[in-house]
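Remarks on the structure that follows.
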Amino acid sequence: MTTQHTELAHPPLTRLSEDEQLFRESVYEFAGREVRPLVREMDDHAKIGRPLIDKLFDLGVMGIEVPESYSGGGASFFHSVLAVEALSRVDPSIGVLVDVQNTLVVNALLRWGTDEVKRRYLPQLASRVVGAYALSEAGSGSDAFAMATRAAEAGDGFRITGRKLWITNGNEADVFIVFANINPEAGYRGITAFIVERGFPGFTVGKKEDKLGIRASSTCELLFEDCVVPRANVLGEIGKGYKVAIETLNEGRIGIGAQMIGLAQGALDHAIGYTKERKQFGKAIAEFQAVKHQLARAATDLEAARLLVYNAARLRDARQPFLTEAAMCKIFSSEVAERVTSLAVNLFGGNGFVKDYPVEKLFRDAKIGQIYEGTSNLQLETIAKQMLG
Ligand SMILES: Cc1cc2nc3c(=O)[nH]c(=O)nc-3n(C[C@H](O)[C@H](O)[C@H](O)COP(=O)(O)OP(=O)(O)OC[C@H]3O[C@@H](n4cnc5c(N)ncnc54)[C@H](O)[C@@H]3O)c2cc1C
């Protein structure tokens, strides 16, 4: 048999190529060096400082899939997943900043942008400009297409009026993908995607939410009062914004899966370290069978979640259908993240409940995985619809 000496036609899902492995290691090493010392402070102050964001750009993780001809990394969607996982292992707030930039904003521009749009925005996004993705509103979350934000033709462009809520990176972003309905009588077929720059007249970023978890990641309201947007900034076709929204989010939720497995791995790392150190009844608590088995169960859950996330990402890169797999990876990995972080809090005992130790934060951070980019109920709807027709 020669297979052990040759490349396998179907390598195991979690076996990374040399390039993928080096990439993940370099991002995780960066996270340990540059992010970890700031985690507590960023959570307390609910803020990510610009110097750290600049370092993320220098590292090359803000335009991972942007082609090299536009100053990007020229890498795959799977690389984005690896970066989000590695960063979230240290801080899921940094994980989501990078996730939104790559899996939603850059992804949508690559797929739907004209050459002019790509030339204008991709080099900026890969090198210095943070992006945000604005679909949700106060009255339309799960039912996103019931949005009240309107766009109307005006001269050589459009005027947008309305409010968006819950927009990740709202504080840091200079480029926003914004969905508005241009023809409400046509229902969702009036929805159109626009690229809005922070400086466009009539656009302001409103209040920032004070949150349970991922506190350093900004979540903001956006206000549009006759905001003037040039015609060239329509992303995709007029009336086809619903496709931009659905198809981008289908991919984006694999990134949330990556955030959740990174987060769960971080909590498991802490739990392993602590239980080997902490002594009760004369021995390390990791030596108690009950504790060992809980850790083994958590590791098994996490491995299963990682397989779902990696498979969905690899399917997406292979241009195979991945809708069901993406929904499954998000629902499962967010549940695993909740279970593993909760276990980590338990295993830290009293220390799990205080801010001097890292696990209470990860427990708070885990909750968002079941809410954004489609709640768990909506993921189940997607899976059931694919299964039952
Ligand atoms: C921290 C944070 C960051 C976010 N970032 C962004 C962002 O960058 N861009 C953006 O556009 N949005 C963002 N969101 C919004 C997020 O996507 C929505 O909050 C989410 O889609 C849920 O919408 P909702 O809050 O209106 O809840 P609702 O839709 O009101 O849901 C409330 C509950 O009802 C359930 N429910 C609703 N409809 C159904 C149904 N048909 N069947 C069964 N159950 C149902 C839901 O599962 C949920 O449990 C963010 C939200 C948060 C909290």
- Item | Share of carbon and sulfur in the accessible heavy-atom surface of region 1-96 [1.4 Å probe, %] | 53
- Item | Where a label projected 7 Å from the Cα of LYS243 along Cα→Cβ would reach, residues of region 317-346 with amide N under 19 Å | 319-323
- Item | For region 203-311: rounded, prolate or oblate by the Cα gyration tensor [a/c cutoff 1.5] | oblate
- When the chain is fully extended, how far beyond the present Cα-Cα distance does ASP226 get from THR161, taking 0.36 nm per residue of separation? 22.9 nm
- Residue-count net charge about LEU223 - beta-carbon cut-off 14 Å; Lys, Arg +1, Asp, Glu -1: +3
- region 337-389, accessible area per residue, ligands and nucleic acids excluded (1.4 Å, Å²): 53
- Proximal aspartates and glutamates relative to LYS385, as straight alpha-carbon distance under 14 Å, when same-chain residues fewer than 8 apart are discounted: GLU325
- Query: Between ALA304 and ARG198, what is the spin-label point distance in nm, taking each point 7 Å from the Cα along the Cα→C-beta axis?
  - Reply: 4.4
- For region 234-329, which whole-number percentage of the solvent-accessible area (1.4 Å probe, protein heavy atoms only) is attributable to carbon and sulfur atoms? 54
- Highest average packing first - 160-173, 217-230, Cβ atoms within 10 Å: 160-173, 217-230
- Percent relative contact order for region 258-328, counting Cα pairs under 8 Å at least six residues apart, stands at 26
- Note on the structure: If every Lys and Arg gets +1 and every Asp and Glu gets -1 at its Cβ, then about the Cα centre the chain yields a dipole, in debye to the nearest 20, of 620
- Task: Calculate, in nm to one decimal, what ASN346 and ALA384 gain on full extension: separation in residues at 0.36 nm each, minus their alpha carbon distance.
- Result: 10.3 nm
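Can you give the Kirkwood hydrodynamic radius of region 232-389 from its Cα pairs, in Å with one decimal?
Taking every pair of different Cα atoms in region 232-389, averaging 1/r and inverting gives 17.0 Å.
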- Query: Using the per-residue mean of other Cβ atoms lying within 10 Å as a proxy for protection, in what order, highest first, do the peptides 351-361, 254-264, 322-332 fall?
  - Reply: 254-264, 322-332, 351-361
- Message: Using Cα-Cα distances under 8 Å and only pairs 6 or more residues apart, what relative contact order does the chain have, in percent?
- Response: 16
- Message: Let me check against my output: what whole-number percent is the relative contact order of region 55-133, with C-alpha pairs under 8 Å and at least 6 apart?
- Response: 38
- Query: In debye to the nearest 20, how big a dipole does region 133-176 give about its Cα centre with +1 on each Lys and Arg Cβ and -1 on each Asp and Glu Cβ?
  - Reply: 160
- How far apart, in nm, are the 7 Å Cα→Cβ label points at ALA296 and LYS207? 5.1
- Query: Of LYS47/LYS367; LYS55/LYS330; LYS164/LYS211; LYS164/LYS208, which pairs sit farther than 24 Å apart, going by alpha carbon to alpha carbon?
  - Reply: LYS55/LYS330
- Task: As a check on your grasp of the helix formula, calculate [θ] at 222 nm for the chain: sum -39500 (n - 2.57) over DSSP H runs of n ≥ 4, divide by the residue count, round to the nearest 500.
- Result: -15000 deg cm²/dmol
- Per-residue ³J(HN,Hα) for region 373-389, Karplus 6.51 cos²θ - 1.76 cosθ + 1.60, θ = phi - 60°, Hz, x for Gly and Pro: 6, x, 5, 4, 4, 5, 5, 4, 4, 4, 4, 5, 5, 5, 7, 9, x
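Over region 38-171, consider all pairs of different Cα atoms and compute the Kirkwood hydrodynamic radius from their mean reciprocal separation; express it in Å, one decimal.
16.2
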- Straight-distance crosslink candidates among lysines, where the alpha carbon sits under 26 Å from LYS283 and sequence neighbours closer than 8 are dropped: LYS292, LYS355
- Message: Once you place label points 7 Å from the Cα toward the Cβ at SER127 and LEU22, how far apart are they in nm?
- Response: 2.4
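The values are calculated or read from the model by the stated rules, or taken from the named source; none is laboratory data. The structure presented is a predicted model; accordingly, all values stated were derived computationally and were not measured. Using ideal geometry, Cβ is built from the backbone for each residue, glycine included, and neighbour counts are taken over all protein chains shown. Ligands, DNA and RNA are stripped out before the accessible areas are found, and what is left, the full protein with its side chains, is counted by its heavy atoms. Shrake-Rupley method; radii C 1.70, N 1.55, O 1.52, S 1.80 Å.
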